[in-house]
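Trainee: The following block contains the structure, expressed as structure tokens.
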Amino acid sequence: MKNTAISHIHEALGAKMVPFAGYNMPVQYEGVNAEHMAVRNSIGVFDVSHMGEFHLKGKNALALIQKLTSNDASKLFDGKVQYSCLPNNEGGIVDDLLVYRIHEDEYMLVVNASNMEKDWNWISAHNDLDVQMTNQSDDMSLLAVQGPNAAQALQSLTDIDLNSMEYYSFKIGTFAGFENIIISATGYTGSGGFEIYMPNAAAEAIWNAIFKVGAPFDIKPTGLACRDTLRLEMGFCLYGNDIDDTTSPIEAGLGWITKFTKDFVNSEYIKSHKENGTKRKLVAFEMLERAIPRHEYPIVDATGNIIGVVTSGTMSPSLNMGIGMGYVPIEMSKLDTVIYIQIRNKNIPAKVVKLPFYKG
């Protein structure tokens with residue numbers, strides 16, 4: 001089990017530590033709801049150093065990314081980030097990822113921790129363009145400072161104007177006295193904030209600096225449990241739950257990151273999904289009674305026939321109701337359709353709704 005550069009800090013703070021994607025990670029500190037609401041209302045800080053960072057360099061770096069990813073990376077410019085996915089040869093998804101354009105011939109790919117080796121092997125196997133690949137995952141730490149007060153709290157640590165940074169952009173500069181730090185206006189919570197990439201050696205000092213300037217804002221350390229409730233309230237897909245090697249980007253509602261203005265791995269097959277439709281669709285639902293849907297609970301119709309499965313579900317701390325996502329037949333996917341979640345042999349009604357659950 002790997003530790004992050006600041007695992008000892010989480011343990012000292014009394015975090016409940018769990019194995020996750022090969023890492024010893026903090027799942028919660030004082031409790032999911034308190035941490036969740038800290039991010040929604042002020043600031044929370046996640047150690048997400050388990051994420052993978054691959055650097056691609058060379059004159060053909062963009063060509064390789066274009067071949068492998070579903071989105072159109074030619075639209076990127078220096079300092080811009082793009083959400084995308086890596087389609088496989090079977091119509092599913094190898095992983096979802098972020099693509100950072102550092103320079104015209106240099107990119108950083110941020111991938112899920114659980115898929116790091118799979119992704120590296122997939123990209124390497126397709127790299128017939130002499131692109132220089134470097135896996136920096138073990139050398140970099142990543143802190144996600146999320147919440148509406150993040151910019152105001154962090155501004156004194158950098159001369160980069162944080163308030164003027166557009167969503168899905170990044171800058172490289174000095175932060176908390178360290179140079180060449182990547183500050184990215186991205187996150188997985190829907191409450192704004194920044195993700196900060198740094199060398200492992202700087203992680204403890206930067207963590208401490210963030211908590212010092214965040215103290216007047218009642219900043220809190222936040223764990224993986226509330227990261228999950230926050231992203232689910234926004235309807236963001238989680239790899240391994242809502243998307244995987246068997247789910248098409250189109251049926252997962254990721255048509256917006258799937259651009260057919262170029263050829264990419266299996267693009268013709270995926271294009272047929274867009275043109276001809278899919279048999280099932282990932283939908284969002286709200287429980288109509290007090291109940292908590294959980295991952296892998298059956299979804300049934302009015303007569304009790306199993307029509308799908310819950311991919312993600314929780315009791316929403318912001319909305320105080322059960323919410324979830326799952327795949328259902330296309331004819332059951334229309335808004336306001338009533339479906340049923342099977343919970344301990346009872347079929348509890350739910351309604352198909354539009355994302356996001358949390359409107360801010």
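Trainee: Between the stretch 1-35 and the stretch 213-291, how far is it from one alpha carbon centroid to the other, in angstrom?
Mentor: First find each Cα centre; the distance between them is then 25 Å.
Trainee: In the stretch 255-335, what GluC sites (Glu not before Pro) fall in a loop by DSSP, with at most 15 other Cβ atoms inside 10 Å?
Mentor: Hits after loop and neighbour filter: E289, E296.
Trainee: What number comes out for the charge environment of D159, summing +1 per Lys or Arg and -1 per Asp or Glu over other residues with Cβ under 13 Å away? Can you show the working numbers first?
Mentor: Values: positive: K171; negative: D161, E179.
Residues near D159 contribute -1 overall.
Trainee: When the chain is modelled as a GNM with alpha-carbon springs shorter than 10 Å, which of G255, G193, G52 fluctuates the most?
Mentor: The residue that fluctuates most here is G255.
Trainee: With a cut-off of at most 11 other beta carbons within 10 Å, and DSSP calling the residue loop, which chymotrypsin sites (Phe, Trp or Tyr not before Pro) in the stretch 49-145 qualify? Please list them.
Mentor: Passing sites in the stretch 49-145 are F77.
Trainee: Tell me what the chain gives for mean residue ellipticity at 222 nm when only DSSP H runs of n ≥ 4 count, each as -39,500 (n - 2.57), the sum divided by the residue total, rounded to 500 deg cm²/dmol.
Mentor: Theoretical 222 nm ellipticity from helices: -6000 deg cm²/dmol.
Trainee: Take each of the peptides 241-254, 15-28, average the number of other beta-carbon atoms within 10 Å over its residues, and list them starting from the highest. Spell out each step's value before the answer.
Mentor: On the way: 241-254: 20.4, 15-28: 17.9.
Per-residue mean Cβ counts within 10 Å order the peptides as 241-254, 15-28.
Trainee: Determine the principal axes of the Cα atoms in the stretch 279-360, then give the extent along each, sorted from largest to smallest and rounded to whole angstroms.
Mentor: Between the extreme Cα coordinates on each principal axis of the stretch 279-360 lie 34, 27, 18 Å.
Trainee: Report the full-extension gain for the segment L129 to K80: residue separation times 0.36 nm, less the Cα-Cα distance, to one decimal in nm.
Mentor: 15.3 nm
Trainee: Let me ask something else about it. Show me the three semi-axes of the equivalent ellipsoid for the chain, from the C-alpha gyration tensor (sqrt of 5 times each eigenvalue), largest first, rounded to whole Å. Show your work: numbers first, answer last.
Mentor: On the way: eigenvalues 210, 154, 58 Å².
Those come to 32, 28, 17 Å.
Trainee: Separate question: Quick one: net charge around F264, please, counting Lys, Arg +1 and Asp, Glu -1 for every other residue with C-beta under 12 Å from its C-beta.
Mentor: Net charge in that neighbourhood comes out at +1.
Trainee: If you don't mind, there's one more thing I want to ask. Can you pull out the GluC sites (Glu not before Pro) in the stretch 95-153 whose DSSP state is coil and whose Cβ has at most 15 other Cβ atoms within 10 Å?
Mentor: Of the GluC sites (Glu not before Pro), the ones in loops of the stretch 95-153 whose Cβ has at most 15 other Cβ atoms within 10 Å are E104.
Trainee: Another question about this same structure. Could you list log10 I(q)/I(0) for the stretch 120-238 at q = 0.14, 0.19, 0.21 Å⁻¹, which the Debye formula gives when each Cα is one point scatterer?
Mentor: -0.67, -1.09, -1.23
Trainee: Using the count of nearby Cβ atoms within 10 Å as a rough guide to exposure, how do R290, R344, R101 rank from fewest to most?
Mentor: Fewest to most other Cβ atoms nearby, the residues stand as R344, R290, R101.
Trainee: Here is a further query. Under a Cβ-Cβ cut-off of 15 Å, what is the net charge of the residues other than H273 that fall near it, where Lys and Arg count +1 and Asp and Glu count -1?
Mentor: Working: positive: K259, K271, K274, K279, R280, K281; negative: E90, E251, E268, E275.
Cβ neighbours under 15 Å give a net charge of +2.
Trainee: Over the chain, calculate the relative contact order: mean separation of alpha carbon pairs under 8 Å at least 6 apart, over the residue count, as a percent.
Mentor: Value for the chain: 17 percent.
Trainee: Kindly point out which whole DSSP H helices in the chain project their C-alpha atoms 20 angstrom or further along the helix axis while averaging a Kyte-Doolittle hydropathy of 0.0 or above. Please report the intermediate quantities before stating the final value.
Mentor: Details: long enough: 200-214 (21 Å, 0.62).
Length and hydropathy pass: 200-214.
Trainee: On to the next question. Going by how many other beta carbons lie within 10 Å of each one, how would you line up K346, K118, fewest first?
Mentor: K346, K118
Trainee: Now for a separate question. Write down Rg/Rh for the stretch 52-135, rounded to two decimals, with Rg from the C-alpha atoms and Rh from the Kirkwood relation over Cα pairs.
Mentor: Values: Rg = 11.4 Å, Rh = 12.5 Å.
Radius of gyration relative to Kirkwood radius: 0.92.
Trainee: Rounded to the nearest 20 Debye, what is the dipole magnitude of the chain about its Cα centre when Lys and Arg each give +1 and Asp and Glu each give -1 at the C-beta?
Mentor: Here the size comes out at about 1040 debye.
Trainee: In what order do T229, T69, T158, T261 fall by count of nearby beta-carbon atoms within 10 Å, going from fewest to most?
Mentor: T261, T158, T229, T69
Trainee: Please name whichever of V353, T174, W256 sits farthest to the positive end of the charge dipole of the chain, dipole taken about the Cα centre and charges placed at Cβ: Lys and Arg +1, Asp and Glu -1.
Mentor: Farthest along the dipole direction, towards plus: V353.
Readers should treat all values here as calculations from the given coordinates under stated rules, not as data from a laboratory. Remember, predicted model here, so these are calculated numbers, not experimental data. All Cβ positions, even for glycine, are placed from backbone atoms using ideal geometry, and neighbour counts span all protein chains on display.
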